[in-house]
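Colleague: Just dropping this structure here.
The values are calculated or read from the model by the stated rules, or taken from the named source; none is laboratory data. Since the model is a prediction, treat every value here as computed from it, not as a measurement. Quick reminder, even Gly has a Cβ in these numbers, built from the backbone with ideal geometry, and neighbours come from all protein chains shown. Side chains are part of the model used for accessible areas, which takes the heavy atoms of the whole protein and leaves out ligands, DNA and RNA. Shrake-Rupley method; radii C 1.70, N 1.55, O 1.52, S 1.80 Å.
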Amino acid sequence: MTRFGFQAGVCAAAILALNACAQTGEKTATPVPVQAAQAAEGPVAAPAEAAPYRSVTEHTLVANGQTISYQAIAGDTWLRDMNGAPTASIFSFTYLRTDIQDARRPVVFVFNGGPGSASVWIHMGAIGPRRVVLDADVNPSNVPPFGLEDNPNSILDVADLVFIDPVGTGFSVPLNGTDPKMFWGVDEDAEAVAQFIELWLSEYGRWNVPKYVLGESYGSMRAAVLPRALMGGPIYTGLMRGITLDGIILLGTTLEARQPSGEMAAEQLAGKQARSLPGIAATSAFHGLVEMPAGGVVEIYDAAAAYARDVYEPALRAHLAGTLAGEARTQTLSDLARLTGLPESAIGDDLYIDERSYAKAALKARGLEIGMYDSRYTLPLAHSGGDPVADDPAMTRYVPGFVAAFHQMLRDDLKVSLGRPYASIRWRELLFGWNWTRAGVAEGQSYATDLAWAMRRNRDLRVLVASGYYDLVTTPADARASIAAAGLPQDRVTFTDYASGHMLYLGGTSEAFSADLRAFLEK
């Protein structure tokens with residue numbers, strides 16, 4: 001597996017990481033008049049007299065063994081320039097518990113990644129009050145009927161929830177001819193989401209409550225950058241918002257530095273390749289290519305991670321420098337074959353096993369390809385269209401169920417009717433034109449350094465990092481390495497790993513993840 005293939009795989013993964021029954025209780029809808037019809041693509045006009053769209057409904061739910069009442073508010077929040085003119089509408093879904101009155105009740109702001117992804121995945125798969133029901137934990141059918149049910153693992157019992165769709169995703173759009181590129185970049189996006197949070201806190205009177213942000217995939221980068229935009233200052237935003245956070249939750253974490261192209265620098269690749277080995281070893285054990293040890297996926301992942309750190313990465317760096325001795329190369333090849341179940345000839349003398357090549361080669365004898373986003377999933381190797389998302393065995397299996405259940409919830413539960421499509425993930429000009437250049441940041445600085453800055457400024461800020469062992473796109477080993485390199489205070493960082501993939505709450509792990517998240521919020 002050549003070095004060229006490795007580089008291409010890493011770059012693609014870095015750019016494409018995402019960031020994918022009747023309800024109990026009475027429901028009443030109170031829609032607010034809709035603003036002028038908006039086109040699905042490009043800026044749209046918003047008449048000054050129009051009101052942002054809102055639909056408010058009332059529900060009940062049993063979550064964590066408690067029967068709770070809650071209000072759901074789906075609608076627009078208009079961002080404005082310094083002259084007060086609307087520049088964009090961010091559509092969000094707010095869930096407020098109503099059967100108790102607690103002036104200190106936390107609020108969690110939630111978003112997915114991409115960049116270019118709406119929040120539908122965490123909304124319907126993890127902590128929202130309703131969830132999708134697929135017909136199998138792994139390799140479900142991707143044709144209807146799909147189920148929709150109350151989510152007993154929702155964290156609405158301990159915190160109010162706000163699911164945010166950044167500009168260009170979901171129903172969120174630029175307004176009044178504003179150039180959408182004003183919102184499509186690392187700093188630009190963070191500023192827009194920070195303004196939304198500021199406006200939300202004022203609208204709902206929640207300035208003096210504990211505040212958390214939860215981001216998945218690219219959303220972990222957004223979550224790392226947000227404290228800077230929320231606090232504000234003369235260098236970064238030119239504004240002082242003065243908003244601090246109690247906690248940051250990262251899922252499918254990717255914090256490595258990016259070049260202006262969005263790719264990683266060449267010097268990062270050896271470490272990235274070494275840290276992919278534990279997930280590959282765990283995947284090989286899951287599919288029976290090597291023996292699963294008595295300690296299960298945790299044991300094999302930890303053993304492979306230790307080998308990758310202590311032996312494999314130094315060997316890769318020596319190979320790149322042209323100093324790897326023949327005996328060491330032979331031993332490393334033998335070790336890799338033992339850990340992955342691949343023949344030495346499939347690995348090659350360059351010692352590289354890039355994840356995408358592995359996904360196609362590992363089960364070739366069975367005629368199967370392994371999923372990148374969840375390596376427990378498979379599809380036939382033959383007749384792939386080569387799309388890194390639509391043909392990924394995991395994404396193509398669970399995306400249709402999520403999208404269908406979400407639209408059913410929009411119509412039947414939340415009473416939302418807008419007359420324009422919901423952009424679950426938008427590539428087009430958004431992702432491929434994303435501005436990775438950052439202000440006031442040294443070239444090559446990781447996003448974990450932003451977390452270190454935030455934790456220096458805020459001694460009470462805590463971080464929860466959640467990962468899936470079967471995620472070949474954003475691995476637990478990558479998350480740990482980035483955070484260790486940035487020197488975050490370890491007593492305020494908690495790591496949790498699950499026997500799942502990129503969407504770590506799928507496949508039997510939702511209850512455990514929700515319990516860990518609830519404990520983090522209540523700590």
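Colleague: How would you classify segment 295-446 from its alpha-carbon gyration tensor, with a ≥ b ≥ c the square roots of the eigenvalues: rounded for a/c under 1.5, else prolate if a/b is greater than b/c, otherwise oblate?
Modeller: Details: a/c = 2.52, a/b = 1.69, b/c = 1.50.
Cα axes put segment 295-446 in the prolate bin.
Colleague: Can you give me the P(r) profile for segment 359-454? Cα pairs, bins 10 angstrom wide beginning at 0, each as a whole percent.
Modeller: 12, 25, 24, 29, 10, 0
Colleague: Probe radius 1.4 Å, ligands and nucleic acids left out: which of TRP78, TRP207 has the largest accessible area, and how do the rest follow? Please list the in-between numbers first.
Modeller: Numbers: TRP78 20, TRP207 105 Å².
Result, largest first: TRP207, TRP78.
Colleague: Of SER345, ALA315, GLY252, which is farthest along the charge dipole of segment 237-347 in the positive direction, counting Lys and Arg as +1 and Asp and Glu as -1 at C-beta?
Modeller: The Cα lying farthest towards the positive end belongs to GLY252.
Colleague: Let me ask something additional. Dipole of the chain (Lys/Arg Cβ +1, Asp/Glu Cβ -1, origin at the Cα centre): which of ALA448, LEU336, PRO421 lies farthest to the positive side?
Modeller: Checked the options; the winner is ALA448.
Colleague: Moving on to the next point. Based on the Cα atoms of segment 383-523, what semi-axes does the equivalent ellipsoid have, where each is the square root of 5 times one gyration tensor eigenvalue, given in whole Å with the largest first? Please list the in-between numbers first.
Modeller: Numbers: eigenvalues 189, 94, 70 Å².
That gives 31, 22, 19 Å for the three semi-axes.
Colleague: Counting only Cα atoms, I'd like the Rg/Rh figure for the chain, Kirkwood definition for Rh. Before the final figure, lay out each step's value.
Modeller: Details: Rg = 22.8 Å, Rh = 23.5 Å.
Ratio of gyration radius to Kirkwood radius: 0.97.
Colleague: Follow-up. Taking the highest mean first, how do the peptides 341-352, 399-410 order by number of other beta carbon atoms within 10 angstrom per residue? Intermediate values should be presented prior to the final figure.
Modeller: Working: 341-352: 16.6, 399-410: 20.5.
Ranked by mean Cβ neighbours within 10 Å, highest first: 399-410, 341-352.
Colleague: With the Cα gyration tensor of segment 104-236 giving a ≥ b ≥ c as the square roots of its eigenvalues, does the rule (a/c under 1.5 for rounded; else a/b larger than b/c for prolate; else oblate) give rounded, prolate or oblate?
Modeller: It comes out oblate by the Cα gyration axes.
Colleague: Residues with beta-carbon under 9 Å from that of ASP157, excluding ASP157: net charge, scoring Lys, Arg +1 and Asp, Glu -1?
Modeller: Details: positive: ARG97, ARG518; negative: none.
Cβ neighbours under 9 Å give a net charge of +2.
Colleague: Using a simple charge model, +1 on the beta-carbon of Lys and Arg, -1 on the beta-carbon of Asp and Glu, nothing else, what dipole does segment 314-368 show about its Cα centre, in debye to the nearest 20?
Modeller: On the way: 7 positive and 7 negative charges, 54 e Å.
Here the size comes out at about 260 debye.
Colleague: Lysine pairs, Cα distance under 25 Å, 8 or more residues apart or cross-chain: how many in the chain? Mind showing how you got there, number by number?
Modeller: Working: LYS27/LYS415; LYS211/LYS523; LYS272/LYS360; LYS272/LYS364.
Summing the qualifying lysine pairs gives 4.
Colleague: When only C-alpha pairs under 8 Å and at least 6 residues apart count, what is the relative contact order of segment 396-516, in percent? It would help to have the intermediate numbers written out before the result.
Modeller: On the way: 92 pairs, mean separation 24.6, N = 121.
About 20 percent, as a whole number.
Colleague: How high is the relative contact order of segment 48-113? Use alpha-carbon pairs under 8 Å, at least six apart in sequence, and give a whole percent.
Modeller: On the way: 89 pairs, mean separation 16.9, N = 66.
Dividing the mean separation by the residue count of segment 48-113 yields 26 percent.
Colleague: Ignoring ligands, DNA and RNA, what percent of the 1.4 Å accessible area of the chain is carbon and sulfur? Each step should come with its number before you reach the end.
Modeller: Numbers: 10450 of 19360 Å².
Here it works out to 54 percent.
Colleague: Starting from the Cα gyration tensor of segment 126-168, take the square roots of the eigenvalues, sort them a ≥ b ≥ c, and report rounded, prolate or oblate (rounded when a/c is under 1.5, otherwise prolate if a/b is larger than b/c, else oblate). Display every interim value, and only then the final one.
Modeller: Working: a/c = 2.80, a/b = 1.48, b/c = 1.89.
It is oblate, given that a/c is not under 1.5 and a/b is not larger than b/c.
Colleague: Counting residues in segment 46-150 as N, plug N into 2.2 N^0.38 Å and put the Cα Rg over that result. Walk me through the intermediate numbers first.
Modeller: On the way: Rg = 17.3 Å, N = 105, 2.2 N^0.38 = 12.9 Å.
Against the empirical 2.2 N^0.38 Å value, I get 1.34 for segment 46-150.
Colleague: Below 8 Å between Cα atoms, with a sequence gap of 6+, how large is the relative contact order for segment 344-416 in percent? Mind showing how you got there, number by number?
Modeller: On the way: 63 pairs, mean separation 13.3, N = 73.
The value is 18 percent.
Colleague: Moving on. Less than 12 Å Cβ to Cβ from ILE235, Lys/Arg counted +1 and Asp/Glu -1: what total charge do the surrounding residues give?
Modeller: Details: positive: ARG228, ARG438; negative: ASP187.
Counting the neighbours of ILE235, the net charge comes to +1.
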